[in-house]
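The values are calculated or read from the model by the stated rules, or taken from the named source; none is laboratory data. Just so it is clear, the model here is predicted, and its values are computed rather than measured. Cβ placement follows ideal geometry from the backbone for every residue including glycine, while neighbour counts extend to all protein chains displayed. The accessibility values were calculated without ligands, DNA or RNA, using every heavy atom of the protein model including side chains. Shrake-Rupley method; radii C 1.70, N 1.55, O 1.52, S 1.80 Å.
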Amino acid sequence: MNAVAGAVLVLNSGSSSLKYQLLHPDSGEVVHGGIVERIGEAEVPDHKAALRLVFDEFAARGLDLTDGAGSPEGLVAVGHRVVHGGRSFHSPTVIDDHVLAEIRRLSSLAPLHNPANAQGIEVARELLPGVKQVAVFDTAFFFDLPAAAATYAIDRELAEEHALRRYGFHGTSHEYVSQRAAAFLGRPTAEVSQIVLHLGNGASASAVRGGRAVDTSMGLTPLEGLVMGTRSGDIDPGLVLHLGRSLGMGIDEIDALLNRRSGLKGIAGENDFRALSALIAQGDEHAKLAYDVYIHRLRRYIGAYLVDLGGADAISFTAGVGENAAQVRADALAGLEGFGIVVDPERNAGRISEPTRISPDDAPVAVLVIPTNEELAIAREAAAL
């Protein structure tokens, strides 16, 4: 039996890593997956070398993805995660030279992500020329946000000319989780109002009504919104001006500060939640403050989205922290019984690896943990296209 037949190869190219997964979009069966790290160092000098290592790994398992002609029999497509689609892309798109050039052009809006995404696409097109390459965009789910939620209150002509608006990110995850949550509850997606909390090293929240996003926490870039592992999330824009005018910091320095040296890492010196929890247990005051700031910001968005939606049918936690940190789930929703939101301590205990209700059955709002599966979502989007 040819395990490649009917499968999609999903690639998530980062600046120094390449995540990959070969899976069947209909059944969700994963043939094989993994990650190549430390791209740019001696052993893996570039993304081409990384993808060749991926092919070698598959070949060692009897799965030839290159077949000498770049068109392995039965491989449906290669699906690429691309972070920023700007105004140009709002649905899965078959990649050609024009699309790749546009993804590169949009790098100014996602400088940490789009350049690496484009490199992965370029290499995959070269090594698998006979296979359709499909881009699936993080921003797509939020493309049609209501104007009131998408618009920045700045000079209108400037904003329109330069496409300055709130785009939102993690859209593939938010869409997948919102659909799975409705299915778990046995209700049509069109009938469910819900809040989705994608909490990983990068973190975002969304308000989803009837399957459509009506608000989200990230904006023009993935920097806006919740406190994250190394990103600040919401700050006073005047802080940026102050850093430049009064402290003499340049744009690149400020960029590095807000994207790489802020968030949990900026306050506590640690962005891994397991290590942060260990520091808190040891009585580290900075770690406790970082956690408190994280929860405070998260609760602010939950409250805002309850108002946006006029109440919620469900609140879903997902991604690394959302699925594994029971204390975060409990603290984020503590004291909200008046809104019909209750977390059952026993159901909420520990790590959760499958769709689970962590609220009492009779609670008005269903609190759920829905593990995300962006690779499966990308594979299905690519196969459908």
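Laid out as a table, the results:
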item	result
Leading residue by the ranking (nearest to the chain's Cα centre (by Cα)) among those in the range 74-88 that are aliphatic (A, V, I, L, M) and farther than 14 Å from residue 383 by Cβ	83
Filtered residues of the range 1-19 (kept if surrounded by fewer than 24 Cβ atoms within 10 Å (Cβ to Cβ), assigned to a loop (DSSP other than H, G, I, E, B) and small (Gly, Ala, Ser))	3, 5, 6, 14, 15, 16
Some residue of the range 332-341 being β-branched (Val, Ile, Thr), at pLDDT 95 or above and over 22 Å from the mean Cα position of the chain (by Cα)	yes
The listed residue being open to solvent by less than 30 Å² (accessible area, probe 1.4 Å) and without any contact (Cβ under 8 Å) to a residue 60 or more places away in the chain, out of 216, 230, 189	230
Scan of the range 233-251 for residues that are in a loop (DSSP other than H, G, I, E, B) and touching a residue at least 12 places away in the same chain (Cβ under 8 Å), ordered by number	233, 234, 235
Failed criterion for residue 204 (all others in (1) surrounded by fewer than 18 Cβ atoms within 10 Å (Cβ to Cβ); (2) within 24 Å of residue 306 (Cβ to Cβ); (3) of a type in the set (Gly, Ala, Ser) hold)	(1)
Whichever residue in the range 331-370 is small (Gly, Ala, Ser) and in contact with a strand residue (DSSP E or B) (Cβ under 8 Å, 6 or more places away or on another chain) and, among such residues, is surrounded by the fewest Cβ atoms within 10 Å (Cβ to Cβ)	359
Selection from the range 123-162 of residues that are part of a helix (DSSP H, G or I), of a type outside the set (A, V, I, L, M, F, W, C) and in contact (Cβ under 8 Å) with a residue 40 or more places away in the chain	126
Answer residue from the range 142-186, given it is more than 21 Å from the chain's Cα centre (by Cα) and open to solvent by less than 40 Å² (accessible area, probe 1.4 Å) and is farthest from residue 92 (Cα to Cα) among those	159
